[in-house]
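The values are calculated or read from the model by the stated rules, or taken from the named source; none is laboratory data. These figures come from a predicted structure and were not determined experimentally. Here the Cβ is made from the backbone with ideal geometry for all residues, glycine too, and neighbour counts use every protein chain on show.
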Amino acid sequence: MMASLQDRPYFFDSGLRFGCMGCGRCCSGEPGTVYVAAMEVGPIAAYLGLPAADLIADSLYPFRDSYSIREKASGDCLFFHGGCRIYPVRPRQCRTYPFWFSNLRSRYNWKQAAAECPGIGQGPLYTREEILAIARETF
């Protein structure tokens with residue numbers, strides 16, 4: 001399947017620009033699920049200086065085969081306080097945004113994401129190959 005994805009043309013064949021502005025729009029507002037893979041728990045806990053068991057008890061809840069980050073009553077991510085408190089070790093779901101397949105399916109979907117994210121269209125130019133490699137990480 002990946003070979004067929006690699007070989008077809010995309011609207012982003014000339015690349016796309018993205019640079020996180022730290023605005024938190026993707027971290028706040030409507031409730032959502034931020035998947036944290038089991039292998040990501042340890043690095044997040046270490047970064048926060050917590051035992052993994054404390055991180056799990058205080059900040060995560062069981063989801064699928066691992067966890068998701070709890071949210072504040074407002075829907076904001078528990079780790080968003082004027083910026084991401086775990087940015088260097090944020091979960092893969094966060095690291096790969098906005099290069100999710102749902103956003104890359106069409107130019108229209110990309111423009112919809114750009115309407116929510118001021119970092120889309122800013123920052124470094126990601127090549128088609130880089131975009132596909134990041135998108136593959138979302139599997």
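Residue count for region 27-54, restricted to those that are among the charged types (D, E, K, R), without any contact (Cβ under 8 Å) to a residue 24 or more places away in the chain and closer than 16 Å to GLN93 by Cα: 0.
Is it the case that PHE80 is in the same structural domain as ALA38 (by TED's automatic domain parsing) and either in contact (Cβ under 8 Å) with a residue 24 or more places away in the chain or in contact with a Cys (Cβ under 7 Å, 6 or more places away or on another chain) (or both)? The answer is yes for PHE80. Filter region 11-44 for residues that are among the charged types (D, E, K, R) and not in a loop (DSSP other than H, G, I, E, B); which is surrounded by the fewest Cβ atoms within 10 Å (Cβ to Cβ)? Within region 11-44, the match that is surrounded by the fewest Cβ atoms within 10 Å (Cβ to Cβ) is ARG17.
Is there a residue being in contact with a Ser or Thr (Cβ under 9 Å, 6 or more places away or on another chain) and within 17 Å of GLU137 (Cα to Cα) anywhere in region 40-63? Checked region 40-63: at least one residue is in contact with a Ser or Thr (Cβ under 9 Å, 6 or more places away or on another chain) and within 17 Å of GLU137 (Cα to Cα). Being more than 17 Å from the chain's Cα centre (by Cα), in a helix (DSSP H, G or I) and either of a type in the set (Phe, Trp, Tyr) or closer than 30 Å to GLN112 by Cβ (or both) is a property that TYR47 has.
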